Structures are given as C-alpha cells and as structure tokens.
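The values are calculated or read from the model by the stated rules, or taken from the named source; none is laboratory data. These numbers come from a predicted model, not from an experiment. A quick note on method: Cβ atoms are made from the backbone with ideal geometry, for glycine too, and the neighbour counts reach across all protein chains shown. SASA here: full protein model, heavy atoms, side chains in, ligands and nucleic acids out. Shrake-Rupley method; radii C 1.70, N 1.55, O 1.52, S 1.80 Å.
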Amino acid sequence: MNYLTTTIAAFGMTATMAAAQDIDLPKQLNWTAYDTGSAGYNQAVAIGAALQDATGVNLRVLPGKNDVSRTEPLRQGRVEFSATGVGGSFMAQEGVFDFGAENWGPQPIRVLMANNGGAINLAVGVAGDLGIETYADLKGKRVAYIVGAPALNVNTEAYLAYGGLTWDDVERVDFGGFGASWTGLIEGQVDAAFASTNSGKAYEAEAGPRGLLWPPIDPANTEGFARMQEIAPFFNINKASVGATIDGTDGYQGAGYAYPVLTAMAASDEGLVYNMTKAMVELFPKYDGNSPGIGGWALDKQNMEWVVPYHEGAIRYFTEAGVWNDKAQAHNDNLIARQDALAAAWEATKAAAPADWEAAWSEARRKALMDGGFSVVF
C-alpha cells in the first residue's frame, strides 16, 4: 500500500460523515455540465444528491449544449463551477477553436478535480447496422459535428486520423448539441458520433433499432495512434470496462482522458473552492456507484500534474490531505506561467487590431508559447 492510498484510507466512512458537518458551502450551488443524459450530467446529478443528503446544499445542474455554453456562465460568474471536458478546460485555457474568437481568448481556468477512472473510454460510436469494423471504414459515412463544441469535434477528428481519414473523407453533419447528435444517430440522420462510453445517449443507441459499435484502437498500431495524438495529445490508450455494449464483457480497447473535469476561474473564491473540493473528496463514498463510471472521482485517481492548473483552494485541501508535493507545485506554477504568456499575447494582439484576427492570433499564440519554452499544441 503506497503513501497516497494509506492517506486516503485514513479518512474512512466515520471521518466522511463527520467531515460533512465541516463543509462550508452556500445552500444553493450552480454547475454547468454536458447535455441531459450525458455521463457528465448524470454524474453531476449523483454528486448533487449526495451533497443534498449530507449537507443540505442544493446543487442545480445546468446542461449546456457545447463548450462555449458551458463556459460562458462560469466566465460571467453566473455559476460557481463547471463539470466540463477538455474543451471547457484545456482548449479554453489555450484560446483555440471557438475560444480563439475575438470575444473570448485564453481563459484563466482552474481545476478542482477530474474523473480519471479509466473505467470508461471517450470514443466515436458507430451505428451497428452499417457493418463497420474499423475507423477507416467511416470513409464516406455521415459523421456528427457539434457547432460550438471544439472538444467534441477535435476528438472526432482524432479518431478519424487514427483511421487515416480527415473531415474531407466523410460527410459532416452539423448538430446544435451533443444530445441532438446522438438522437440523430439513433434516428438514422447520422452514422457516427462522439461520446463517453457510459453516456446515457450511448445506452439509448445500444437499445435502439440500429444498435451501437465502438471500433477498437489497437495498441500495436503505433502509427495510427501517433496520428491521433497529433490532433489530440491528451488521449491515452485505455481498455474500458463500463459503458454501452461494454458492461459485462472483457472490455473495450479504445482511448480516453479525464472526463468530466470540475473547473472554476482563477478569481473564484479560495474558500469556496476549498470546500467544494473537500465535499467532492469526503462525500465520495456517498455518491460512488450512483452513476456509471463515477468512481474516477476518487482522490487516489487524481492526476496532480495535468494539462490545466489547479486552483489555490483545491491545492490547500490537497496539501492538508497530504497528496500535494513540491513537484506538483512546480508543474502547476509552470502551467500558470503558460496561461500568463497566452494572456499577454492575447492583449498584444488585440491592441494591434489586425485585419485578419484568426491568422494573427494563431501566429501570436504559437510564438508566445515557443518564446516561453512551452509546448506548442494546436
């Protein structure tokens, strides 16, 4: 048993119940999350039920159709937190895709915790009535594109790249939200769409008239996976045990990353973030098992050196819990320096008022990262 596991075990159920009395949160909290029926939404509801039962706090979960609609209320302070994916966290931090528009720019996003369960994959699901076996077989097929959701679209593009394809090789079908894309798959309007394997919509598709298939990611196909990571470097090869068509089987060999990711803004109150992090950790036994794949929120599954920095309030809690160290702090400081470099480049680009905003920001962003010694992604 390692030090982290020993530390976590020390909390125990008794400590968990007692700690609920020490969680200081407003009686009303608001999160944004993915669409109704998504894994992110379902997990947020399960967490809210545990929070209500243990502390009397009412968690209102506001579904958002895309990354922008989930992040805008957080940016404006209309919600305290967002249970999002790599779009509302990493891509918002980077100021890319929809977040590269003149009214957005790189955001000072901070992480509290993330679901790193490994039990699920995040993948492109394919209608089961097409006879498709690999992602290369999607050539010429209809593939969902979610307007205003760059994370979902980049992830889909990454799976296409694994199969040696691009958007030009498929028929792109636009949808206004995640849920609509999966309804489209079920009803025959599209042939493939991106989701977590434990999404409610994926289970609906499995039970629907067309059925559902997750084509595999072969760990031996290093060239295909390299193409995938060129598009989406946050993916890791993973064998899922939870999800539509997967439950009760030997698992699905695919790929995944942290999802959902609970985020705040850098300016969010440290005490509020501290107590929300505390609630997520110490009430974990109350919500664990209440939604497919929710076990990845456990403290011992947290990646303290992820691609988006942690909030000071979360760091305060992790330090008290004995799971934060100097290496994690140095990594966090470097990520914040990355955000600062991007923010400075953004302000300089705005001041220059270029005629071609997209080209100017793309060049300025990449130069700022290279000059700062940071990795250049996108």
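General observations
- In the set (1) over 21 Å from THR71 (Cβ atoms); (2) open to solvent by 60 Å² or more (accessible area, probe 1.4 Å); (3) in contact (Cβ under 8 Å) with a residue 12 or more places away in the chain; (4) part of a loop (DSSP other than H, G, I, E, B), the condition left unmet by ASP250 is number (3).
- Considering each residue of region 60-76 in turn, none proves to be outside any helix (DSSP H, G or I), at pLDDT below 90, among the charged types (D, E, K, R) and touching a strand residue (DSSP E or B) at 6+ places or on another chain (Cβ under 7 Å).
- Matching entry among VAL96, VAL173, VAL190 (being over 30 Å from ASP300 (Cα atoms), in contact with a Gly (Cβ under 6 Å, 6 or more places away or on another chain) and β-branched (Val, Ile, Thr)): VAL190
- Among residues of region 182-205, those that are crowded, with 24+ Cβ neighbours inside 10 Å and either in contact with a Pro (Cβ under 8 Å, 6 or more places away or on another chain) or among the small types (Gly, Ala, Ser) (or both), counted: 8
- Pick from region 306-335, criterion part of a loop (DSSP other than H, G, I, E, B) and not polar (S, T, N, Q), ranking: surrounded by the most Cβ atoms within 10 Å (Cβ to Cβ): HIS311
- ASP269 passes every criterion in (1) out of contact with any helix residue (DSSP H, G or I) (no Cβ under 8 Å at 6 or more places or on another chain); (2) open to solvent by 40 Å² or more (accessible area, probe 1.4 Å) apart from (1).
- Residues located in region 94-111, provided they are in contact (Cβ under 8 Å) with a residue 40 or more places away in the chain and not small (Gly, Ala, Ser): GLU94, VAL96, PHE97, ASP98, PHE99, GLU102, PRO106, GLN107, PRO108, ILE109, ARG110, VAL111
- Among (1) out of contact with any Asp or Glu (no Cβ under 9 Å at 6 or more places or on another chain); (2) modelled with pLDDT of 95 or more; (3) assigned to a strand (DSSP E or B), the one test that ALA264 misses: (1)
- Just so you know, in region 358-375 the residues that are without any contact (Cβ under 8 Å) to a residue 60 or more places away in the chain and small (Gly, Ala, Ser) include one that is surrounded by the most Cβ atoms within 10 Å (Cβ to Cβ), and it is ALA368.
- Residues of region 172-181 classified as among the aromatic types (Phe, Trp, Tyr) and either within 18 Å of the chain's Cα centre (by Cα) or open to solvent by 50 Å² or more (accessible area, probe 1.4 Å) (or both), total: 1
- Any hit, region 297-305, residues being closer than 21 Å to SER82 by Cβ, surrounded by 20 or more Cβ atoms within 10 Å (Cβ to Cβ) and touching a Gly at 6+ places or on another chain (Cβ under 7 Å): no
- On inspection, PHE235 does not qualify as among the hydrophobic types (A, V, I, L, M, F, W, C), within 21 Å of the chain's Cα centre (by Cα) and open to solvent by 30 Å² or more (accessible area, probe 1.4 Å).
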